[in-house]
1. At what distance in angstrom do the alpha carbon centres of region B:57-112 and region B:594-616 lie from each other?
2. Please list, in chain and number order, the residues 5+ apart from residue B:517 or on another chain whose amide H is under 5 Å from its amide H, with Hs placed from the backbone.
3. Convert each backbone phi in region B:668-680 into a coupling constant with the Karplus relation 6.51 cos²θ - 1.76 cosθ + 1.60 (shift: θ = phi - 60°), then list the ³J(HN,Hα) values in order as whole Hz, x for Gly and Pro.
4. Highest first, please rank the peptides B:618-624, B:236-242, B:588-594 by the mean number of other Cβ atoms sitting within 10 Å of their residues.
5. Taking only C-alpha pairs under 8 Å that are 6+ residues apart, what is the relative contact order of chain A in percent?
6. Could you work out, residue by residue across A:94-105, how many beta carbons of other chains sit within 10 Å of that residue's beta carbon, and then give the average as an integer?
7. Give the long-range amide H neighbours of residue A:103: residues separated by 5 or more places, or on another chain, with amide H under 5 Å away, using H modelled in the peptide plane at 1.01 Å from N.
8. Kindly state, to the nearest 0.05, the FRET efficiency for residue B:502 paired with residue B:395, given R0 = 60 Å and r defined as their beta-carbon distance.
Amino acid sequence: MSNFSVSFRHRDDICVLDLTGELDAHTAAEFEAALQKCVTEGDCKLVVQGKDLQYISSAGLGVFMAFIEPVRDGGGDIKVAGLQPRVFTVFDLLGFPLLFDILDTEDEAVARFNGSPADQS
Amino acid sequence: MPELPQPIVQFRSLLPAGRAGHIALVVAAAVLFSALAVAHSGFSLIGAPVTSLTRALINVGSVGFATLVYFAATPWFERAGYDPLRTLWRALLTAGGLLMAMVVLRMFVGEGQMNPRTSLSGDIETAIATVVLAFMETSFAVVILHSIRPLVLFRRTRVTRRIWQAMLATMGLAALSTALLLPSANPSLVTSLLLFVSVAPMVYCAFRLGWIVPLTFRHKLMSMVFSAGLAGLIGLVLFQQFVGLASAVGSFAGDRVPYVHLFSRSLGEIVVFSLVFGLLYTITAVLSLLFHLPTTQAFAQQTGEIRAFKALAELSSEVLDRDQLVETISGSPVLAGIAESAWIALIDPASGSLTPQVVAASGVTKQDAIRLVAIEALVEDVAHSTMPILLGTAAADHRVRATHGDHLGSLAVLPLVAGGQSYGALFAAKAMTDGFEDDDVAALATFAGQAALALSHASLFQDALEKERLARELALAREVQQRLLPQTLPEIEGVEIAVAEHPAQEIAGDYYDVVDLGEGCFGILVADVAGKGAAAAFYMAQLKGVFQSAAKMTASPGAFLALANEALTPSLARRAFISATYGIVDTREGTFTVARAGHCPTVMAREGDGPWLLRADGLGIGLDAGPLFRRTLREQVVHLSPGDVFTLYTDGLVEARNNEGDEYGYERLTDAVHDLRKRAATDILAGLLVDQRGFAEGNQLADDLTVVVLKWNGTANLLDHPETAEPFTIRPAFA
């Protein structure tokens, strides 16, 4: 029934999480486990690649909220890249662009890590 | 007329009963035998021919002695029970021991002498040997009879016992009929007739072999060996008797004297008849065992299943309570006699552990059961193969920790598997090594299968109970939550309000409220707590509390949302947040001021213009502790015109999907509201929901749904009409 999957890639010291499918209340646990794994393994520079993400519910957004603090405390950040317009709307409505770096492409997100430090207000 | 008592029954009843009676019998036999021994020795020493009367007395006395010994031995043999294998084994040992003793004695005696004139012992040495050996041979015959008796009387009827008694009686009578004869004389016609008559009950008894059928293969083999051995022993003694008799008179070689015949011809005949019957019986037993061997497997299977199903019949009548069930399952192999101890280890994911736990034990304590074997390893192995594990020599297995003192000889581990799910294992143990026969394992396996089925039923039942309990609690929570929503809406001059709310689950995360703020102002709040269920309901209740207490403190929607954010953020879990839209209608000024905390944009429709989505900036509640929230929050002020329609809603409305997976979306929503804008608020709401449900093609709502439609029927705002392209202005909530 679950049509959500998450996989890991590494680009240098940055961990890229590819999200595919629909991130809702049922699949949020899977994403949460993936992020937990990153944090446990000490990966703090995270890029969430969302070009194949079809849908996100408030429970899915809640996972981002849950992890942003420990990740930033560890000196890293969660950056979101490549969201489809429909999914971006959900992020945008809640005001996520004010809290997260949401970028058009994965390369931009990686560059943001490597270039200027995260300019979070 | 009084009925005549049965002679045999009468005879039995004449025998003294109880322990005292038993002692009396033994004493009587000893006294009688002593008298006979003295008489024999005396007459042998005198050397003169004895009268017929004396001989008859000795013979009758000897038959009496044999009878007394038979009855005196009865309690001892009866106490030993009716297990065929044990009976045969004991018979073999006793008879073997007696024979050995007799052989040794004959070796010491050397040559025996018979006085041809008296037909008694020729010298004192022979006389002593005669007395001792006559006693032993009689004992041997009694042992044989008593050993065969429980086998013949296995599942006896009254008739069987009568025939057994008739056989002994005719033997005794035939022996008595020779009482007057010399040892060498030919038997009389009466004797032959009586012997002939005794053949019928002998043959009948020799074919009473019902005890063989239920034996296991191994027990049959053992019984066959024991019977053959017994037949050999009997044959040896009989052979000795016949060889001795054939030599008839004169002097005998030491091992060939028919001593018992020398002692008393009648006693000798009793011994011979008994041994002939014993030989007949053991030979038929050996042959019958041999023929029954091939059918053992099928029979064993059958009895095993019968036993298991019998136990299961009791099991299925049990209540579907797991604790009671596991007690019954662990107790049944012991009750059925298949094992001496049994215990059951279950994997219960509900307990949060995948380690199997010993939940019930019978014939052993749970602590011992855990100590004796490596439960986890065995459960894992048996669940993996779904085949029973049978350890004939338990101590040799690395998974068994029992020491010698624990008396764990053999162990059977049966998987409890039903519907492809493994529930754990049933352990059965015996002190004896190789204690489990094929039929035992078959019975245990069938039993374990059915027990697993019963467990799965119990678990389903438990789940159903739990579900029902949860459903009841949810229904109750839903009822409580329903009361949190406004029961009546305030009447607002010039404003129509229509509301629809529909939870996707029993407990929703949606909230709306309308409050009269005084001075012609009314606040309308629509909020959505992230997530559903109990946690969402708690946050919703908290939000209501904040709204009820703080809404009246300010006429600015932004100020209220900031207050709500600061009040709620500390108590919200890190991943929880609330999105809300709060609008205030000022009926005197003719304005609608709305602020959005991360919530879906309000749809605004107007006569001859629009529609618009009012989506000024604003973070969701709980995303930021305060400063950022306040800094980014914007208010949108609409200068009302008659017929303006505002639709506030939660994301359940726009996220409804059709069968292609497309969302209803903002475009369809604004179009629908635009098309419906001229109608009354309730009709707009109804039409909107029809449109949305029609789009969703009857798909179940994935999220809660709340829709509030406001329609402004008041006057136009003429006081302060700014010159803008859009009918609203946007300003920071906190300047």
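Bear in mind these aren't lab numbers, they're just calculated from the coordinates by the rules spelled out. Note that the structure is predicted; figures quoted are calculated from it, not measured. Neighbour counts run over all protein chains shown; Cβ positions are idealised from the backbone, glycine included.
1. For region B:57-112 versus region B:594-616, the Cα centre distance is 114 Å.
2. When sequence neighbours closer than 5 places are left aside, the close amide H contacts are B:522, B:523.
3. Ordered by residue, 3J(HN,Hα) equals 4, 5, 5, 4, 5, 5, 4, 5, 9, 4, 7, 7, 5 Hz.
4. Result, highest mean Cβ count within 10 Å first: B:618-624, B:588-594, B:236-242.
5. Once normalised by length, the contact order is 23 percent.
6. Counting Cβ atoms of other protein chains within 10 Å of each residue's Cβ and averaging gives 4.
7. A:80, A:81, A:82
8. The pair residue B:502/residue B:395 has a calculated efficiency of 0.35.
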